[in-house]
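Here the structure is laid out as structure tokens; the discussion comes afterwards.
The values are calculated or read from the model by the stated rules, or taken from the named source; none is laboratory data. Since the model is a prediction, treat every value here as computed from it, not as a measurement. Quick reminder, even Gly has a Cβ in these numbers, built from the backbone with ideal geometry, and neighbours come from all protein chains shown.
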Amino acid sequence: MLVGIDAGGTSTRAVLVDGNGEVLGTGRAAGANPIAHGVEHAGQQLAAALRQALGDHSAARVTAAVIGLAGGPTSGRPLLDEVARMARDLGMVVPRVVSDVEVAFAAGSDVPDGVLVLSGTGAAAAELGDWRIKRHVDGNGWLLGDEGSGFWIGRQAVRSVLRMLDGRGRPTKLCDVVCYALAAEPDVTSLEAAVYGEPPVRLAALAPLVTGLYREDSVAAEIVTEAAELLLASIAALDPVGGGYRKAVLAGGLLVADGPLSDMVAGGLRDRFGLIARTATDGALGAAKLAERL
């Protein structure tokens with residue numbers, strides 16, 4: 001049996017498959033990004049999702065396992081030690097930790113070489129060869145990059161509301177939805193307290209609200225349009241035309257979901273680079289595919 005785990009900033013999904021790729025069990029837990037949530041919390045969520053996926057099956061029968069995680073093995077020794085401890089406790093093979101980009105690409109591609117653009121809690125673009133990253137653009141984390149990500153969109157929304165409230169910006173319907181989502185009053189002090197009282201990446205949860213107002217609010221539309229342009233700029237830096245690629249994988253919650261952002265990115269990939277976009281629908285299955293191939 002093979003195990004694949006997709007550990008995101010918002011949620012963690014696990015899948016158990018047999019040698020023919022048939023799904024034997026699935027599991028789900030909260031986000032397991034160690035940078036956003038801490039190593040101990042990340043390990044707990046990985047273990048919870050894995051136990052659900054295993055169900056009544058013996059962990060000793062698992063011959064290979066892969067965990068897809070932002071940063072992959074560079075996430076740090078403490079997390080790798082936690083993963084090894086978790087595997088020992090369950091009595092199974094130690095999972096291999098790879099980049100979430102590689103897992104997402106495997107979930108959406110039927111060939112080992114190509115390009116990927118990802119926008120979920122974070123954002124990145126990558127060129128892959130033989131299922132592994134050859135080169136990536138952005139993916140630098142919420143503090144330094146992840147331009148066009150859910151976090152980036154959520155932060156831009158809050159900034160737009162703050163500018164409206166203090167008189168620097170124009171009115172926007174984002175004020176109502178952002179303040180409601182953050183349980184804040186529509187004033188600067190209350191909104192600041194709500195934002196700074198939570199981990200920064202929680203702002204990513206606002207992104208679907210922003211894309212949902214795309215056709216009703218010009219400020220929301222500008223944010224979504226800029227996010228699409230930032231993601232396409234990352235793809236352009238990879239020079240997919242020069243690489244001879246014809247297909248691209250869309251990954252991450254914001255690009256997998258139907259909506260204006262995924263439409264604009266898919267259209268830009270087609271019109272600017274001649275790329276046909278495919279969607280990575282299940283990162284956990286992508287991880288299981290890599291467990292068989294790597």
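Key figures
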{"read-out": "Region 1-28, subset crowded, with 22+ Cβ neighbours inside 10 Å and at pLDDT below 85, residue nearest to GLY91 (Cα to Cα)", "value": "GLY8"}
{"read-out": "Inter-residue pairs, beta-carbon under 6 Å, first free of Cβ contacts under 8 Å to residues at least 24 places away in the same chain and in region 165-190, second among the basic types (Lys, Arg) and assigned to a loop (DSSP other than H, G, I, E, B), 6+ apart", "value": "none"}
{"read-out": "Flag for ARG202 being farther than 27 Å from ALA32 by Cα and of a type in the set (Lys, Arg)", "value": "no"}
{"read-out": "Qualifying residue in region 199-219 (condition: of a type in the set (Asp, Glu) and without any contact (Cβ under 8 Å) to a residue 40 or more places away in the chain)", "value": "no"}
{"read-out": "Single residue of region 89-101 satisfying the filter (surrounded by fewer than 23 Cβ atoms within 10 Å (Cβ to Cβ) and charged (D, E, K, R)) that is modelled with the lowest pLDDT", "value": "ASP89"}
{"read-out": "Contacts under 7 angstrom Cβ, first residue in region 29-48 being at pLDDT below 85, partner among the hydroxyl-bearing types (Ser, Thr, Tyr), 6 or more apart", "value": "GLY31/THR10; GLY31/SER11; GLY31/THR12; ALA32/THR12; PRO34/SER75"}
{"read-out": "Selection from region 196-218 of residues that are surrounded by fewer than 18 Cβ atoms within 10 Å (Cβ to Cβ) and more than 18 Å from GLY148 (Cα to Cα)", "value": "TYR196, GLY197, GLU198, PRO199, ARG215, GLU216"}
{"read-out": "Qualifying residue in region 51-65 (condition: closer than 30 Å to TRP152 by Cα and buried (at least 16 other Cβ atoms within 10 Å of the Cβ))", "value": "no"}
{"read-out": "Test: MET86 is touching a Ser or Thr at 6+ places or on another chain (Cβ under 9 Å), farther than 29 Å from ALA207 by Cβ and either surrounded by 18 or more Cβ atoms within 10 Å (Cβ to Cβ) or not aromatic (Phe, Trp, Tyr) (or both)", "value": "no"}
{"read-out": "Residue match in region 213-220 (condition: in contact with a strand residue (DSSP E or B) (Cβ under 8 Å, 6 or more places away or on another chain) and among the aromatic types (Phe, Trp, Tyr))", "value": "no"}
{"read-out": "Residue count, region 94-131 (criterion: assigned to a strand (DSSP E or B), farther than 26 Å from HIS57 by Cβ and not small (Gly, Ala, Ser))", "value": "6"}
{"read-out": "Scope region 138-182; condition of a type in the set (Asp, Glu), part of a loop (DSSP other than H, G, I, E, B) and within 16 Å of the chain's Cα centre (by Cα); matching residues", "value": "ASP146, GLU147"}
{"read-out": "Residues of region 144-162 satisfying the condition of being surrounded by fewer than 23 Cβ atoms within 10 Å (Cβ to Cβ) and either in contact with a Pro (Cβ under 6 Å, 6 or more places away or on another chain) or free of Cβ contacts under 8 Å to residues at least 40 places away in the same chain (or both)", "value": "LEU144, GLY145, ARG159, LEU162"}
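The rows are residues; the columns are (1) at pLDDT 95 or above; (2) in a helix (DSSP H, G or I).
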position: ALA227; (1), (2): yes, yes
position: SER234; (1), (2): yes, yes
position: VAL249; (1), (2): yes, no
position: ASP258; (1), (2): no, no
position: LEU261; (1), (2): yes, yes
position: VAL265; (1), (2): yes, yes
position: ALA277; (1), (2): no, no
